[in-house]
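S.K.: So that we are looking at the same thing, I have put the structure below in structure tokens.
The values are calculated or read from the model by the stated rules, or taken from the named source; none is laboratory data. Values in this document were obtained by computation on a predicted structure and should not be read as measured data. Here Cβ is always computed from backbone atoms with ideal geometry, including for glycine, and neighbour counts include all displayed protein chains. Just so you know, the surface numbers come from the protein's heavy atoms only, side chains and all, with ligands and any DNA or RNA stripped out. Shrake-Rupley method; radii C 1.70, N 1.55, O 1.52, S 1.80 Å.
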Amino acid sequence: MQRGRERMEREKVSELNQCKRRLRVCVATCNRADYSKLAPIMFGIKSHPDEFELEVVVLGSHLIDDYGNTFRMIEQDDFDIGSKLHTIVRGEDEAAMVESVGLALVKLPDVLQRLHPDILVVHGDRFDALALATAAALMNIRILHLEGGEVSGTIDDSIRHAISKLAHYHACCTRRAEQYLIAMCEDHSRILLAGCPSYDKLLSTHHREDYKDIIKAWLGDKVQEQDYIVALQHPVTTDIQHSIKIYGLMLDALLSFNKTTLILFPNIDAGSKEMVRVMRKKGIEQHPNFRAVKHIPFEQFIQLVCHAGCMIGNSSCGVREAGAFGTPVINLGTRQTGRETGENVLHVRDADTHNKIYHALELQFGKRYPCSKIYGDGNAVPRILKFLRTIDLDEPLQKTFCFPTVKDSISQDIDHILETQSAMSIDLGGTNLRVAIVCMKGKIVKKYTQPNPKTFEARMQLILKMCSDAMRDAVSFNCRILGVGVSTGGRVNPQEGVVLHSTKLIKEWSSVDLRTPISDALHLPVWVDNDGNCAALAEKKFGHGKGVENFVTVITGTGIGGGIIHHSELVHGSTFCAAELGHIMVSLEGPECSCGSRGCIEAYASGMALQREAKRLHDEDLLKVEGMDMKLSEPITAAHLINAARLGNSKADAILNKASTALGVGIINILHIVNPSLVILSGVLASYYQTPVQHIIKERALFSAQSIKVVTSDLEEPALLGAASMVLDYTTRRTY
């Protein structure tokens, strides 16, 4: 009997321990936007009842009729709402926001005391969330903050960072946000690089077959995909009057643009009431082109964004979720200035005229961009659940901060792997196809080289195989591939990733879309540009052009090419044939060029031109001089011509002088047109041409251009590094 009682006691203790291991998680949601991020986590917690106990608290604009009573969608998702707190003081001005925070602080203690959660999950940067975090911190409740460490550019930053300082744990979306949290002295062991939870649903459901029915339901039977606009503009609480002005200009531009537009009401921040007045004064709700709505269920909203011709406004959805679909976005004003964005976002920060916004609509409407996974890869919820399981409720509640130095980023990812941000670069040459993994500092981690196949099908197949091999190896090298950059000969439309016309060295490449098949196969954004432009970009990021605002790169190799950097931007031209430096004409009666014209620089100074002249001298038995070692079977190259000239061959010397003069005169023309501060010679002939070209500039250029310096490139792989630089700079925001 004694042993039986002891066994029963042990079983009771075991049952109590099992109950203790169930983590009591309270998720608090304030509005439709944060629920889209919190719902996937709530579903994940609910699916593990043996490990977690879920409590749901609803407050803020969820409970206001003017904003759609969005608490109903939480009930429709079959979540039991433990508490509904009416915390919004109407007025939609600064004082009302402060009073709303105060009202929430009055009501929250009773709720939190009754629920007594082990951990409170708070999202984002809203004033409601600040009240939640303040109450929980003062009541010694552990806080998990989602999407901390980000920068947007408004008062939201201050609120977000304040919540981060109150929170005990962090689940952030991007590597940069993780670094910022560490820089804010948060304990790196309590930071999880999870990605955005909404991406878990975005990436798995945005290919729904019923999207056309959703478009028809909200916009009518006649509206087609990619032929409508989604508009969502919120007030900027630090500059309310200016944001109202921008809102009016946006509406004017949309009226002029004359496309079907789905416009959502602004959120409840100070200034929203005035924005609604502007909308009604312009008759938007009655206009046949507009559908004005207060709320759309998230699953349907992402379908509408995914298949829109354009999204406009200043919602974080535009700079975050829309990138997952490649939907073109116009971001107005300063509300999202600091956000990391994909190339699909066009910023109109000074949206001070109707024409500027209208022109932005012309530029963006109907385009498609590569998908961007800056904010997530679809696996955030499993990471967050795993992170919750690791929380030790017995460890001290008091936060510790990492002062004064910032430790290296140690990602609290599933496998706790520290990854190096890297790019995959492709150099599509006439002879060889090369692929490389390039890290942020410009170091080539690994390079792959294969002979370039002759047919288009074989070439594309080999590109994808080499890229797949590189992706696999990147894991072992601890590299996270951010995207793919492609350097190729010929004329390229970098906006579409299409080779318009190729060179004779790479035949069959006419209107070839390189971006789509690579992006579809690797699920990464892809950039494509001309090899000369890539060489200029390589110099700008890693070479002599670093920090130089205006310079020109001239490639002296088999052909002559190059790129122009003007005001720190690459010059493409109206038809993408700017910087075709090899085809600057320096003579009306010169030798025939590969482009079909005569007297081009390339016809005089390229490796092919020098090889042609060397063969001519050799055939006339005028090339070889005393001291020159030549094998009978050796192919004649430009190097033989240069060697002969150095050994005193007057014929070879005259040819090289003419080539140097042609190149120098061509570069002088460039100096007189774009007036760079530096000329960088790249390629196998660069070291030979540097001194004579510098001499010709001093001799023939205008006085103001004679002092411009000519240097030779120090980069061994400019094409690969330039292709990589397009990827490594992909977070640089486009400004209009």
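S.K.: Condition first: in a helix (DSSP H, G or I), charged (D, E, K, R), under 24 Å from Arg349 (Cβ atoms) and open to solvent by 60 Å² or more (accessible area, probe 1.4 Å). Can you find one or more residues in segment 242-263 that meet it? Spell out the reasoning first.
M.R.: Let us first name the residues in segment 242-263 that are in a helix (DSSP H, G or I), namely 242-257.
So of that shortlist, the ones also charged (D, E, K, R) come out as 245, 252.
Narrowing further to those that are under 24 Å from Arg349 (Cβ atoms): 245, 252.
After this cut, where a residue has to be open to solvent by 60 Å² or more (accessible area, probe 1.4 Å) as well, the list is 245.
Yes, some residue in segment 242-263 is in a helix (DSSP H, G or I), charged (D, E, K, R), under 24 Å from Arg349 (Cβ atoms) and open to solvent by 60 Å² or more (accessible area, probe 1.4 Å).
S.K.: So, one more: When segment 416-472 is examined, which residues are found to be among the β-branched types (Val, Ile, Thr) and in a strand (DSSP E or B)?
M.R.: From segment 416-472, those among the β-branched types (Val, Ile, Thr) are 417, 420, 426, 431, 435, 437-438, 444-445, 449, 455, 463; that's our starting set.
Across segment 416-472, the qualifying residues are Thr420, Ile426, Val435, Ile437, Val438, Ile444, Val445, Thr449.
S.K.: Looking only at residues that are hydrophobic (A, V, I, L, M, F, W, C) and modelled with pLDDT of 90 or more in segment 307-327, which one is farthest from Leu524 (Cα to Cα)?
M.R.: Ile312
S.K.: Continuing with the same structure: Looking at (1) in a strand (DSSP E or B); (2) out of contact with any helix residue (DSSP H, G or I) (no Cβ under 8 Å at 6 or more places or on another chain), which is the only condition Thr553 fails?
M.R.: (2)
S.K.: Of all the residues that make up segment 233-256, how many are touching a strand residue (DSSP E or B) at 6+ places or on another chain (Cβ under 8 Å) and polar (S, T, N, Q)?
M.R.: Here the count works out to 1.
S.K.: Given the structure, is Asp157 within 31 Å of the chain's Cα centre (by Cα), in contact (Cβ under 8 Å) with a residue 60 or more places away in the chain and open to solvent by 10 Å² or more (accessible area, probe 1.4 Å)?
M.R.: Numbers: within 31 Å of the chain's Cα centre (by Cα): yes; in contact (Cβ under 8 Å) with a residue 60 or more places away in the chain: yes; open to solvent by 10 Å² or more (accessible area, probe 1.4 Å): yes.
Here the answer is yes, as Asp157 does meet what is asked.
S.K.: Within segment 176-199, take every residue that is open to solvent by less than 30 Å² (accessible area, probe 1.4 Å) and assigned to a helix (DSSP H, G or I) and give me the one that is farthest from His145 (Cα to Cα).
M.R.: Ranking the qualifying residues of segment 176-199, first place goes to Tyr199.
S.K.: Please tell me if Val121 is modelled with pLDDT under 95 and among the aliphatic types (A, V, I, L, M).
M.R.: No, not satisfied.
S.K.: Just checking: which of the helices (runs of 4 or more DSSP H) contained wholly in segment 632-736 hold 1 or more residues that are among the small types (Gly, Ala, Ser) and touching a helix residue (DSSP H, G or I) at 6+ places or on another chain (Cβ under 6 Å)?
M.R.: Per the criteria, 638-646, 650-674, 718-728.
S.K.: Further, regarding this structure: Does Leu647 meet the test of being buried (at least 23 other Cβ atoms within 10 Å of the Cβ), in contact (Cβ under 8 Å) with a residue 12 or more places away in the chain and more than 27 Å from Val528 (Cα to Cα)?
M.R.: Spelling it out, it is not the case that Leu647 is buried (at least 23 other Cβ atoms within 10 Å of the Cβ), in contact (Cβ under 8 Å) with a residue 12 or more places away in the chain and more than 27 Å from Val528 (Cα to Cα).
S.K.: I need the full set of residues from segment 554-611 which are farther than 22 Å from Lys709 by Cβ and of a type in the set (Ser, Thr, Tyr), in order please.
M.R.: Listed by number, the residues that qualify are Thr558, Ser574, Thr575, Ser587, Ser594, Ser597, Tyr604, Ser606.
S.K.: Within segment 376-387, can one find any residue that is closer than 20 Å to Gly248 by Cα, open to solvent by 10 Å² or more (accessible area, probe 1.4 Å) and of a type in the set (Lys, Arg)?
M.R.: Step one: filter segment 376-387 for residues closer than 20 Å to Gly248 by Cα, giving none.
Scanning segment 376-387 turns up no residue that is closer than 20 Å to Gly248 by Cα, open to solvent by 10 Å² or more (accessible area, probe 1.4 Å) and of a type in the set (Lys, Arg).
S.K.: Go through (1) over 25 Å from Thr712 (Cβ atoms); (2) open to solvent by less than 10 Å² (accessible area, probe 1.4 Å); (3) touching a strand residue (DSSP E or B) at 6+ places or on another chain (Cβ under 6 Å); (4) not polar (S, T, N, Q) one by one and return the number of the condition Val552 breaks.
M.R.: Failing condition for Val552: (1).
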